[in-house]
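First the structure, in the form of structure tokens, and then the observations on it.
Nothing in this text is a laboratory measurement; each read-out follows from the coordinates by a stated rule. A quick note: this is a predicted structure, and the numbers were derived from the prediction, not measured. Cβ: placed from backbone, ideal geometry, glycine included. Neighbour counts: every protein chain shown.
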Amino acid sequence: MDTELPADLLGLARAGDQDAFGELVAPYRHELQVHCYRILGSLQDAEDVLQETLLSAWRGLGGFEERASVRTWLYRIATNRSLDAVRAGARRGPEVNTGFNGLEPPPPTHYGEVPWLTPYPDELLDLPDPKPGPEALVESHEATSLAFVTALQLLPPKQRAVLILRDVLGYRAAEVAEILDATVESVTSALKRARATLEADETLAERRAQPPAPAHDSPEERRLIEAYVDAFTTHDVDKLVAILSEDVWLKMPPLPFEYHGRDAAIGFFTAVVHPNHRRLRLVHTRANGCPASGIYSHDPATDTWRATGLVVVVISGDRITELTRFEPGVMPSFGLPRILP
């Protein structure tokens, strides 16, 4: 898990060399941001906490006793800063317009509990990470999925941190106890409760039982995405429903409305498809290991395309099993502009 760094680099950083410190922490910046994202569920919050972590590490470098690796020391800071952020107060999503182009959606089948959830760009996930430790249980593709990150948000803070450190990163119980300044017994107890809660999570259980997604950019994936784009941009509800699974989920954080099952999806799309059929344009990207699209609506007054949101498409086998729409504010993280010419 850990990569040893030259002792002279650590010494230079301790002596006040900021460039040396930057080089010291550079190998870990990306994985620390992903770690913070798993705990917090928000890319912006994760970046804020990462900056706090690096500042704390810089200020506290003189007290680093080398009883653990630099990597583990940084994880300790990042984990505790993330938990501080969780405990600081109620989490809220951004302010949004709750309308659907003036149309009334049907009653949802469920209400989401994580309005602060945001997607994570695959461009960041594709960077090389160290392999998980020997006790990791969660596969890497699931560890950054929207379903898994959402389920994590519903755990109490300590349980959340323990499960990530043990089952995702593979730290041993004694190492997790050191990171959290806790006993091994309390870590073991928290892990047992966290695992039980995740096993009971409906969405996560469904995802784990479904066939795997087709390979990235495979003919199977391209066929489904092309069919999705065609149905979405032509406002063809029948075409869209035809490629959805029977137990499909529709979600739209920070709005709490969720629709589970094909019949609920039909009711939702039928109700909210705008009768004037706005011209739409989709720009492809990827998020949380899945295909995603930035959605743009044509503005005839300016003859431009204005961002209206980002949709993450979860595929299992040969069907779409989840569509999660996010507000336009997440799009700059994917390099997508607010307006296209």
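Note on K158: aspartates and glutamates with a C-alpha under 15 Å away, same-chain residues under 8 apart excluded, are D84, D167, E175, E178, D181, E185. For the range 219-340, relative contact order (Cα pairs under 8 Å, six or more residues apart, normalised by length) works out to 23 percent.
Take every Cα pair under 8 Å whose residues are at least 6 apart in sequence, average their separation, divide by the length of the chain, and the relative contact order is 17 percent.
In the chain, the calculated helix contribution to ellipticity at 222 nm averages -13000 deg cm²/dmol per residue, counting -39,500 (n - 2.57) for every DSSP H run with n ≥ 4. Taking 8 Å as the Cα distance limit and 6 or more residues as the minimum spacing, I'd like the relative contact order of the range 1-88 as a percentage. Relative CO of the range 1-88 lands at 31 percent.
Mind running the shape call on the chain? Use the C-alpha gyration tensor, a ≥ b ≥ c as the square roots of the eigenvalues: rounded below 1.5 for a/c, prolate if a/b tops b/c, oblate otherwise. Here the chain falls in the prolate category. For K239, the aspartates and glutamates whose Cα falls under 13 Å of its own Cα, not counting residues fewer than eight places away in the same chain, are E226, D230.
Arranged by the count of other C-beta atoms within 10 angstrom, fewest first, what order do K239, K158 take? Numbers along the way, then the final one.
Numbers: K239 14, K158 20.
In order of increasing Cβ crowding within 10 Å: K239, K158.
Between R278 and R208, what is the FRET efficiency for a Förster distance of 35 Å, r being their Cβ-Cβ separation, to the nearest 0.05?
0.40
Where Lys and Arg each count +1 and Asp and Glu each count -1, what net charge lies around A20 among other residues with Cβ under 9 Å from its Cβ? Spell out each step's value before the answer.
Numbers: positive: R14; negative: D8, D17, D19, E23.
That sum, taken over residues with Cβ under 9 Å, equals -3.
Each of T302, L204, L54 was scored by the projection of its Cα onto the charge dipole of the chain, and the greatest displacement toward the positive side belongs to T302; charges sit on the C-beta of Lys, Arg, Asp and Glu.
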